[in-house]
1. Send over the semi-axes of region B:490-535's equivalent ellipsoid, whole angstrom and largest first, taken as the square roots of 5 times the C-alpha gyration tensor eigenvalues.
2. Is the shape of chain A rounded, prolate or oblate, going by the alpha carbon gyration tensor and its root eigenvalues a ≥ b ≥ c, with a/c under 1.5 for rounded and a/b larger than b/c for prolate?
3. Counting only protein chains, not ligands or nucleic acids, how are B:103, A:86 ordered by accessible area (probe 1.4 Å), most first?
4. Which whole number gives the average count of other chain Cβ atoms within 10 Å of the Cβ atoms across peptide A:207-215?
5. Starting at the first residue of region B:86-93, write each ³J(HN,Hα) from the Karplus equation 6.51 cos²θ - 1.76 cosθ + 1.60 with θ = phi - 60°, in whole Hz, x for Gly and Pro.
6. What's the FRET efficiency of residue B:360 with residue B:489 using the Cβ-Cβ distance as r and R₀ = 22 Å, to the nearest 0.05?
7. May I ask for the net charge around residue B:524, where only other residues with Cβ less than 15 Å from the Cβ of residue B:524 are counted and Lys, Arg are +1 while Asp, Glu are -1?
8. Shielding of A:188-197 by partners, i.e. mean partner chain Cβ atoms within 10 Å per residue?
Amino acid sequence: MTILGRADYGRGGESQEDNLDSASSGRHGTYGRYVLSRCLGALGSLAFMLVLSFFLFRVMPGDPARTLGRGRFTSPEQLEEFNRTYGLDQPMLQQFVTFLKNTLTGDLGISLRYRVPVSDLILDRMWPTILLVGTSTILAGVIGIWLGVRGAWERGGKFDRISTGGSLTLYSMPEWWLGLLFIAVFAVGWGPIPGLFPTGGLHSIDAEPGTISGVLDTMWHLFLPVLTLTLAYLADYALIMRSSLLDELGEDYLTTARAKGLRDVQVRNRHAVRNALLPATTVVALSLGFVVTGAITIETVFSIPGLGLLATEALSVPDYWVLQGTFLVATSAVILANLAANLAYGLLDPRVRT
Amino acid sequence: MVLPGALAAPSQAAEDDPVTFVVGLTNEVDSFNPFLGIEAASFEMWALTYDYLVGYTMKDMSPAPALATEWDTSDDGLTWTFTMRDDAMWSDGEPLTAADVAYTYGRILDGGPEAATWSSYLKGVESVEAPDATTVVLTLKKPNAVLPLLPIPIVPEHIWKDVSEKDIKSYAAEPTDGQPVVGSGPFRLVEGTAGGSTYKFEANPDYWGGAPHVDEVAFRVFKSADPAVQALIKGEIDFVDNLSALQVQSLEGEDGITATSGDSPGFDEIAFNTGSVDLETGEPMGDPNPAVLDPAFRFALNFAVDREQLLRTVYQGGGKTGTTIIPPAYPDYRLELDDPDAFAFDLDKAGQLLDEAGYTLGSDGKRTMPNGDPIGTLRLASRSDSETSPDVMQFFQEWLGELGIDAEVETYESSKLTSVILDGTFDAFEWGWYVEPDPDSMLDYLTCGQRGNWSDSWYCNEEYDALYEQQHVEMDDAARQDQVKQMQEILYRDAPYLVTAYSSVGQAFRSDRFACFQPQPDPGGVWLLQYGSQNYLNLRPAADAGDCDGIATAVGAVTGSGGSGGTSGGSSDDEGMSTGAMVGIGVLAGLAVVGGGIVLMRRRATVDDRE
């Protein structure tokens, strides 16, 4: 995180220098209009998603009352009663109007499967996902960028070959398989390796959340899943960073920097990396938007009750309100992350404001 | 949490530690509210928290005394009188009386979400009354032979009267403000939420059925079975459910673990579209192949299913070969045909029966319809979310091919298949049913009235329906059993279903720590997730197993030796916790060092910059 923050700042500083003459006057007016148009665009996308989220899941095959009730002795009247209770007997258009009204007032409906308000359910499931996927994305971003920088700087060297080969191998392994492997080796224990970590879950049964031991306990539980995801995500960032830094290596300004007498590390960190960071930053920022969609396979293997799993399990019912709710949360997060990235670009580079 | 004394493990010190029995579930609780939940795991939670008016025997799940110690039916079958025990208490100290039972059933009779879940069990019941504290009277419009099967958890009136009809559809019935849920069962829920990953129960020492032998029962939800198996091997959990036959085999060799494939009262079947119709107009609907509409054609295919091979290869030896829709767990109602070859794999016989029915082989080696038209290709639907379903249909396709009938296997999600079945756009599909301790519901699914509801084969036979109505009101057990067997004979002949296998459920537990699981049905059944909560009262630390209070069939009823392994039970959890804390501290320390290093390096770098 610190590296990214610093990089953005550095990048901004440099582009300001470059473009100082072209964008010195009338800056606020143009940027204000730019912000407005971007926000309106984001609002438009949100409204579209709101409509889509309703109809997308209604056209799916399946009848919740039947899926949930199979194997239970129920009469047609009982199925009707269920549909009446949860508003499924209303005409589609009526349901849509109710959905719009409720969603705009912050009511996401009641889950057909768990029979609790969807907003409670999403809040409950949100923080395990953010802890798991957010931590992994940031760790993978930081380590990946570092690997990419070192690899590109000493391209073809031993480090480059090992890190590129290693991260590609990890990238091509199925996440669930890597997860199961880690469980077998580091959770159960294999040969001389003791089973130090739990096989899954988010906390021990007698852990007290909110205390120091509770926090440590959750960290202990999340170690293996975060490790798995970090390793799986690593190649994304390492390879992008490596190739964009390679593009910079032949540039004249690096020769100038060397001619000034800067040390190799300074040339790398203060000039080459700063210019090469933008693509990797974009990927990390976008991935952060996708954090709330969760990591379904890892949530399954490590039994972590996250949003990804909530949405996939809701598909089989289909639990309309949970699907709509998770879809809305996920799309809003991506739209907001995009908006934030756009606004930041506009601030950093006036050329994109057209 | 981490007691130094636990390492020395003298047996007295161990008694001070709470004994926690941890169950790994692969099926989560959908609601702790007994009027809303549906999943098998939810039934288990209610069985721990609440009581039934009438319970189940371990032998064959027939009615057994629970809150009601005895019951009586009037001669016309229209009045049922239950006499209740007077020593049952709610966990908040209030007495549990007949009024609570009347209140619970009353809520269901009043309609609403409660009725959506339970009203079929009170079919024909007009009113329920509690004339005194220990008597419950059900008045019926029409006799109902299913009674006294009443799997409805009794809830406390003094708590639930505050839950309005409007609120109940999202009422969670979970612990609030640290207060356990008020129930009358052997345990009470102290922590947990539906869809959560752990649930914790504490023992009710004053339970009318005797105090449990463990202090706590905890459940951990696993999203897939493999990690649960690993957790059992490691000892993080003591019990795991829903294993495949292969997983059971792999666990059988592990030290300290006992595993079984227990009979579960359910079956899998290949079902046919016996005639989908538009229920309003009575016109045929969908596009079934005309061949599968013919009972003679379907009956011939009964001999084209190698049930032994399916059991061996597809089910990996777990379960039993299938015959009729009533599983072996319910011998009283089950039809046993005298002919030993009634379900034999015999392609010659199948071919001969097809020839007799007019489906003769054409010159191209394919069978034709009696009028000479080609049969075409039968569509065999399987479920993508089942491990066995596609394989069963692949085999069936091969056997049909050997008979000269073309078929193709289609794969659907279960929810999609449900709508395909309702549209009648299929020829055959593979699915299964779980059969309740009373056969009525299973028999009902094949009546004409269930078409468009739960009937998936669109089967309709007036003779069968007439027998169904008879048995539903027949109060004489022997006569009813006879009628139920006749119905199964009709099904054998008409073959809407070819029952392929009786399912089994793999379960395993740490036999070095716990003992005294009695199978249900006994023998050969499952150890937990049964009907009722009996085994949560039976189970105890392996060291204290003794003769399991004289339950001869209980697993782990030790005779003499075997105390040495048992004492480690309580302490290993504590070790696990302290390892956890240590690793957690280690990770934190590691992060601090790395973070500190980065800060130092950055400071050095900025110093360089400034110079």
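1. 33, 12, 8
2. Details: a/c = 2.84, a/b = 1.42, b/c = 2.00.
Verdict is oblate for chain A.
3. Values: B:103 45, A:86 20 Å².
Descending accessible area places them as B:103, A:86.
4. On the way: counts 4, 1, 0, 0, 0, 4, 7, 0, 2.
Mean shielding count: 2.
5. 10, 10, 7, 10, 6, 5, 8, x
6. Details: r = 28 Å, r/R0 = 1.28.
Rounded to the nearest 0.05, the efficiency is 0.20.
7. On the way: positive: B:59, B:320, B:334; negative: B:60, B:263, B:522.
Overall, the nearby charge balance is 0.
8. Values: counts 9, 2, 0, 0, 0, 0, 1, 7, 5, 4.
Other-chain Cβ atoms within 10 Å of each residue's Cβ, averaged: 3.
The values are calculated or read from the model by the stated rules, or taken from the named source; none is laboratory data. Nothing here was measured: the structure is a model prediction, and the numbers come from that model. Glycine gets a Cβ as well: all are built from the backbone with ideal geometry, and neighbour counts include every protein chain shown. Only protein heavy atoms, including side chains, enter the accessible area calculation; ligands, DNA and RNA are left aside. Shrake-Rupley method; radii C 1.70, N 1.55, O 1.52, S 1.80 Å.
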